[in-house]
Amino acid sequence: MLKQIEGSHGVAEAVALCRPEVICAYPITPQTHIVEDLGALVKSGKIENCEYINVESEFAALSVGIGSSAAGARTYTATASQGMLFMAEAVYNASGLGLPIVMTVGNRSIGAPINIWNDQSDSMSMRDAGWIQLFVEDNQQAVDMHIQAFKIAEALSLPVMVCMDGFILTHAIEGIDVPDQKQVDKFLPPFVPRQVLDPEDPVSIGAMVGPEAFTEVRYIAHKKQKEALDLIPQINEDFKQIFGRDSGGLISTTNTEDADTVVVTLGSVIGTIEEAIDEQDEKIGALTIRSFRPFPLEQIRSALKDAKRVVVFEKCFAVGIGGIVANNVRMAMSGTNIPVYEVIAGLGGRPITRKSLHKLFKDAVKDNLEDVTFMDLNKDVVDRELEREHKLIQAGSVAENILRDGGVVNAAKTT
Amino acid sequence: MFQVRIHGRGGQGVVSAAEILSVAAFIEGKHSQAVPSFGSERMGAPVVAFCRIDDKPIKLREPILEPDALIVQDPTLFNAIDVFAGLSKNGYLLINSKRSIGELGIADAIHLPDDKVRLVPATEIALKHIKRPLPNAVLLGALAATTGVIKIDSVIEAIASKFPGKVGELNIQAAEAAYKLIKQNNQEELTC
Amino acid sequence: MAHQQVKFYQTGTLTVGNRLLDAENRTVQGTMDRSNSLDSGHRACQGCGEALGARYAIDTAMRATDNKLIACNATGCLEVFTTPYPETSWTIPWIHSLFGNAAAIGTGVAAAMKVKGREDVRVIAQGGDGGTTDIGFGCLSGMFERNDDVLYICYDNQGYMNTGVQRSSATPGGARTATTMPVGPEPGADFDKGKNVPLIAMAHEIPYVATASIDRLHDLEAKVKKAMSIRGARYIQIFVPCPLGWGSAPAQTVNLARLAVESGIYPLFEGENGEITSTTKIRRKVPVEDYLKPQRRFAHVLKNPAQLSAVQEIADRNIRKFGLLEE
Amino acid sequence: MKNTKPYAITLDVGGSLLNKTGSWRTERPVYLDRLPPCNETCPAGENIQQWLYHAENGEYKEAWLEIMKNNPFPAVMGRVCYHTCETACNRVQLDEPVGINSVERFLGDQAIINVWKDEPGKPTGKKIMIVGAGMAGLACAYHLRLFGHEVTVFESSSKPGGMVRYGIPKYRMPNEKLNAEIHRIQDMGVNIELNTKVDDIVATKEKYGCEAVFLSTGAQSAKLIDIKSDQSVPSLSAVEILRGIEDDVDTGLRGHVVVYGGGNTSIDVARSAKRMGAQSVKVVVRGSQENMPAHYEEINEALEEGVEIVPLRSITEIKKGHLVLEKMIPSDGDRPSPSGEFETMEASVIVQALGQNVDESLFENLSELSLEDGVLDVDINMMSAMEGVFAGGDMTPSERNVTVAIGHGKKAARKIDQWLQGEFQKDSKKNEIVDYSMMNTWYYSDAPRTIRPTLDVVRRQTGFAEVVGDLDETNAAFEARRCMSCGNCFECDNCYGVCPDNAVIKLGSGKRFEFKYDYCKGCALCATECPCGAIKMEPELI
């Protein structure tokens, strides 16, 4: 049924359709609306047979989820940003134990400086934690991907993160076709755990594994993620059969076949990028990575093989080296001579505008980009601040200096 | 695509206004997208919300930089921020005020045809009907009357879905009152 | 405590078994068909108090729940010595996740049992004092305040033993640990620091809180049994001497627990809904020196009159506060 | 369910049993039975710990049968034994000794009330004669019957029982109890020939076709000293007096009675005199009151009853209805010395209670046998210098009391049985005695407050049943339960419980425990926490 609703609400409805048995809720912007809505759905009885638990931290949220999943319950939680870091230990643990928890990440930056706005640093901080990471482009996909996520998680006995841009998607109100319960039930059978805490058949879960078997455990985890590269498209096909939409899979492409320049990105920014591409005449295509973990090396390489250049456009970066997604894409492109440019944009919620994109495209098609480009970087401020740092031993907080430079701090102090 | 930017303060229902507007468009079978300007808004702080309306799916995710219509729920904002930024030369401007453009001291900032600028005593209307100073629904009624981008019936239906019951009814009354007032003013302008 | 009136006072209800007690008043540990939840072959040190305390508690809970029990373990000695791949010494369904989240894991398992309609299956979360009073405290407090149907058992050996004997918030004043060495003018752990988690647990007004000691098995079993008869969040802290960390002879483990109780150093009590409802009386009061002497971690305290009297004051205060002596 | 569990992280139960932690051990615990001090000290060789174990549980007949293995006179011993076991009892160091004697009396009385019986052994066809139906003789007869031998006891008196009947007043030893226990022995087929004095052992033995002889005639001749006397005060012997009391003849104990001597017999006479209405009763002893050989409990009772002790006095003369006493000076040595100071004491009758001698007439015809230092010497097998002739009781060198006599009777019976089979067996080596320090006595709890006072009274006055009354069934069990079972496993389950490695197997009621050495790490918690000291640690052989 088509509804004009907030993305968070759509996700809550999708999760509800998956008949979750345990939901752990802890507020953190910008995912909070999801668990708020789920709380209302459980309390009103619209989700039956479900334990909704207001926990005391993200660490507890995922920990409770680990417990409930290990005890055989279909388990859901959501987090973002600092919350993701606070639960980091449990994130690794959930995947290590092979527990099919589904978690929404309302993507947001990580402080300090504290910043509540969107980028994808939080999901990226956990990219190597052994979870399957699926990024969605819009709220319809967000809804659909959650339904697929449970199926993928339970098929592989691995946890799945559904990553959606904070605010941009979580708070956007737009038309979403919310599936009906019958369809979802047909697609998603009840959870049959691979291992379960059961007095009838006792097991010890979470043994200490020494050097003699640890490598093997890790290798098996890697192989399982590789298997997911076959399974994720397969489940997306199943989904298409029932729901008539392509919402998942490993990647999606726009005009990559005859493009000279292909922009590779993750998440909702693809919408603005496509608009910008449509508004100009160069042969530019786009590729969106939907499954970041496992990383579809083959599929990306194959989609980009005819491009003259690749521009990886990402809302995160690894301080001290550069783009995170770009690094992965480069691995996919290794052995080819196709240059891969990195563009870092949208950090801490900075708007990504068509105007800036047009400038970027112009530079890109002329191969006039640096290896790492920070879009819309206020170069003057940075230069001044760096210069000051060089001069002073103690320059104070970088963040404060930049704000002072922009007049914000002074303005605040004078008013 | 028609883009509306709504300015106000936290607690004035700015985000709800964008949502109601998007729902109204949805009711008419259009594609629409409402997004709050994202922040940790507190009561009283300046707030912005956006709404896009189109006949085709909306992919654009950037903030509304060049609005086709600008709703200012609180004229005191003129002192705080540049609310008129990017307003298209043919754009609409709705301001919640009993005063005139001149009295508000913003005449220099506005380069719009007169028929695209409407000053609406929205708070007064809201107090009359809703008994609370919530100008958002009132201004949506005025927007329907001023721009025609959305039908008043759709706005009413959207308000009813957002606020079922008494609150919705009162807001609907207020929106209708504003709609009528603007229509009446338009008539007067045409006749004079 | 609903002990049977001592009928067989050759050993009364103090030894593990007692052939003259009614069947229902005998200990689980004395029965031939106890579950041995923590079975032979584990890698705990010789004379490990925690291994003993864990079997005491879990076997009791197993009996009380007709073997329908799931245990969630914090990281720590108990976890490491029981489940090194490929061997587990647990005979019950058991999960280890992390150091600081045992209580939350318990919450999750209990929630799963509830939705599965298996509320007959009961949940225990357990950890050492580090995993409970320090790193696991947030999750523990959360479990308490939500009144989740979990019994949390803290095996209190007063320090981080798994990592090589460092100070925890349960380490007593004066004690030598690797991070509170007996050097300088105030050797060992500082006095007037640390926290009393049983009392903090009671401040949550959860239905049941108790302290127990491995030297008083009947008391310990009665408390675990009582805890299992109640729904909601429950907390039992069991005193488990650690030969390695305390520098005591393995054979002294139970005796040290006894001396801690008899000196008043470790008060045994029960609290229900925020109120203390019973205390276990001292049988044969001893000065704290008797308790300190067999432990190398307190060797310097015995030579330091100020510290020694500080320890005695703590014991005396406990005796007054909890009414540990028979009237 | 097919095995879908993740590799290495999730484990099926039972795996740790593959890890044999027994290899960590440098010392191993071993179960053993140590000898409790009560058993060790009991002259009758009773297994006190064992019969208390049965009594604890109310298994009184089993307890009684356990006593009967060593002593056929629990009702007698429960009254007249001076219970060295209680002095030795380890519980002294915890609170007060277990009232073993009172429990024994209770069990003995229960046996009489319920007419419990002991069956004789399979007949061997061998005959043994016993001379003297005192405790030693009757005990020997009883044990020989258990072996299946035929026994005839010859007794010169008209009633059996020896000094217990004739030397101990009724208030301490009621006849019906003694008679009952003797009848029980007779019922087992022991033939007692009363009023039959044996003059010729060899002839009697041949006449009756006996293969062995046990002599137990006791020491019944009063030791009398000559005191210069004007005959104004009659002088009697304690043996005569006590026998007279038993036979209900007038003993003439009236007026101011003075008993001379500090032993148990002296006190018996003094207390009897008090009961018979004497105006005053004084016990004159040469030594100090503290060094009196009489049992302290008896002295105390006597003092309570109004008997006066006059220590450090020697009677030198009887003159004009008075005694002349010389004051004695105490010395570090055995004997006090005369002071040369004199005083007088009024007396209606003087009773000499200065000890008894063995009647020598029995050996007149036997050149092999003679008394040395007034007693008949026997070897470690209780056999005299004459092959096949054994002896025991007061007539042989040892402490003279009833319990010793019963012990002699038992031992002699065993030795006679062995001798009849052709060879003496060595006595089995005694186990190590369990010391208090080997035990963990914290576990022994106090008696409930409600029961403690009753027990205390009974315990303190034990041996005087007819003065204060018996334990009843409840208290007897309670008193028995105070036994700490020193050195002997009583299945308290402590070892089974306190093992952190589950390395103790409980074998079930009565079967005790075993160690699983595959897993025992040798921490010694079991040995430390064993209340009774029945586990010891032994170094592993390297």
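Each value in this text was obtained by applying a stated rule to the coordinates, not by laboratory testing. What you see is a predicted model, and the numbers here were worked out from it, not measured in a lab. Every residue, glycine among them, receives a Cβ derived from its backbone with ideal geometry; neighbour counts consider all protein chains shown.
Computed quantities for the displayed model
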quantity: Inter-site label distance for D:S370 and B:K56 at 7 Å from Cα along Cβ, in nm; calculated: 14.7 nm
quantity: Region A:2-243 - Rg and Dmax from Cα coordinates, angstrom; calculated: 16.9, 55
quantity: Per-residue mean of C-beta atoms belonging to partner chains within 10 Å, peptide D:483-494; calculated: 4
quantity: Long-range HN-HN contacts of A:G285 with modeled amide H, under 5 Å; calculated: A:D260, A:T261, A:V262, A:V263
quantity: Selection from D:C492, C:L308, C:G142, by position along the positive dipole direction of the protein assembly as shown (Cβ); calculated: C:G142
quantity: Ellipsoid semi-axes in whole angstrom, largest first, where each is sqrt(5λ) of the Cα gyration tensor of region A:247-323; calculated: 19, 15, 13
quantity: Förster radius 30 Å - calculated FRET efficiency between B:H111 and A:K366, Cβ distance, rounded to 0.05; calculated: 0.25
quantity: Long-range HN-HN contacts of D:I309 with modeled amide H, under 5 Å; calculated: D:V283
quantity: Region A:2-243 - percent relative contact order, Cα under 8 Å, separation 6 or more; calculated: 24 percent
quantity: Relative contact order (percent, whole number), chain A, Cα cutoff 8 Å, 6+ residue spacing; calculated: 15 percent
quantity: D:K516 paired with A:Q234, simple spin-label distance in nm, labels 7 Å along Cα-to-beta-carbon; calculated: 4.4 nm
quantity: Per-selection Kirkwood Rh - chain A (Cα, Å, 1 d.p.); calculated: 22.3 Å
quantity: Helical mean residue ellipticity (222 nm; -39500 (n - 2.57) per DSSP H run of 4+; nearest 500) of chain D; calculated: -8500 deg cm²/dmol
quantity: Vicinal HN-Hα couplings computed from phi for region D:62-72 (Karplus, 6.51 cos²θ - 1.76 cosθ + 1.60; Hz; Gly/Pro x); calculated: 4, 4, 5, 4, 5, 4, 4, 5, 10, 8, x
quantity: Calculated P(r) of region C:87-128 - Cα pairs past 14 Å, %; calculated: 51 percent
quantity: Helix-only CD estimate at 222 nm, as mean residue ellipticity for chain B, using -39500 (n - 2.57) per DSSP H run (n ≥ 4); calculated: -12500 deg cm²/dmol
quantity: Translational diffusion coefficient (Stokes-Einstein; Kirkwood radius from C-alpha pairs) of region D:56-129 at 37 °C, 0.692 mPa s, in µm²/s; calculated: 236 µm²/s
quantity: About the Cα centre, charge dipole magnitude for region C:97-237 (Lys/Arg +1, Asp/Glu -1 at Cβ), debye; calculated: 420 debye
quantity: Taking N as its residue count, the alpha carbon Rg of region C:23-322 over 2.2 N^0.38 Å; calculated: 0.95
quantity: Region D:226-354 - share of DSSP beta bridges that are antiparallel (%, nearest 5); calculated: 45 percent
quantity: Share of alpha-carbon pairs per 5 Å distance bin for region A:65-209, given as whole %; calculated: 2, 10, 18, 20, 18, 14, 10, 5, 2, 1, 0
quantity: Partner chain coverage, peptide C:246-257 - average Cβ within 10 angstrom; calculated: 4
quantity: Residue-averaged 222 nm ellipticity for chain A, from DSSP H runs of 4+ at -39500 (n - 2.57), nearest 500; calculated: -13500 deg cm²/dmol
quantity: Ranked A:M126, C:M181, A:M161, B:M1, criterion: other C-beta atoms within 10 Å, fewest first; calculated: C:M181, B:M1, A:M126, A:M161
quantity: Cα shape, region C:116-245, gyration tensor, a/c 1.5 rule; calculated: prolate
quantity: Rounded to the nearest 20 debye, dipole of the protein assembly as shown from Cβ charges on Lys, Arg, Asp, Glu; calculated: 1800 debye
quantity: Unit charges on C-beta of K, R, D, E only; dipole of chain A, Debye; calculated: 360 debye
quantity: Region D:434-439 - phi-based ³J(HN,Hα) in whole Hz, Karplus 6.51/-1.76/1.60, Gly and Pro as x; calculated: 8, 8, 3, 5, 7, 10
quantity: Largest-first principal axis extents, alpha carbons of region B:2-191, Å; calculated: 39, 37, 36
quantity: Quarter of the Cα convex hull surface for region A:1-71, i.e. its orientation-mean projected area (nm²); calculated: 4.9 nm²
quantity: Dimensionless Rg over Rh [region D:250-340; C-alpha; Kirkwood]; calculated: 0.98
quantity: Over region C:183-327, relative contact order from alpha-carbon pairs under 8 Å, at least 6 apart, %; calculated: 23 percent
quantity: Per-residue Cβ neighbour rank within 10 angstrom, fewest leading, D:C483, D:C492; calculated: D:C492, D:C483
quantity: Amide proton proximity set for C:G271, modelled H, under 5 Å, gap of 5+; calculated: C:V209, C:A210, C:T277
quantity: Label-to-label distance, nm, for residues given as C:A306 and D:Q279 (7 Å Cα→Cβ offset); calculated: 8.0 nm
quantity: C:K285/C:F191 FRET efficiency (R0 30 Å; Cβ-Cβ; nearest 0.05); calculated: 0.85
quantity: Antiparallel content of DSSP bridges confined to the protein assembly as shown, in %, to 5; calculated: 35 percent
quantity: Order of D:E346, D:E368 - criterion: other Cβ atoms within 10 Å of each residue's Cβ, fewest first; calculated: D:E368, D:E346
quantity: Net length gained if the chain between D:E317 and D:D199 were fully extended (0.36 nm per residue, minus Cα distance); calculated: 38.7 nm
quantity: Principal axis dimensions, largest first and in whole angstrom, of region A:251-374 by Cα; calculated: 33, 33, 25
quantity: Extension gain, D:K170 back to D:Y7 (0.36 nm per residue minus Cα-Cα distance, nm); calculated: 50.1 nm
quantity: Two-decimal log10 I(q)/I(0) for chain D, as the Debye equation yields it once each C-alpha is a single scatterer, q = 0.06, 0.09, 0.12 Å⁻¹; calculated: -0.38, -0.76, -1.18
quantity: Volume per residue of the C-alpha convex hull in the protein assembly as shown, rounded to whole Å³; calculated: 257 Å³
quantity: Three-way shape call for region A:38-120 based on the alpha-carbon gyration tensor, with the a/c threshold at 1.5; calculated: oblate
quantity: Karplus-derived HN-Hα couplings along region D:239-244 (A = 6.51, B = -1.76, C = 1.60, θ = phi - 60°), whole Hz, x at Gly and Pro; calculated: 4, 4, 4, 5, 5, x
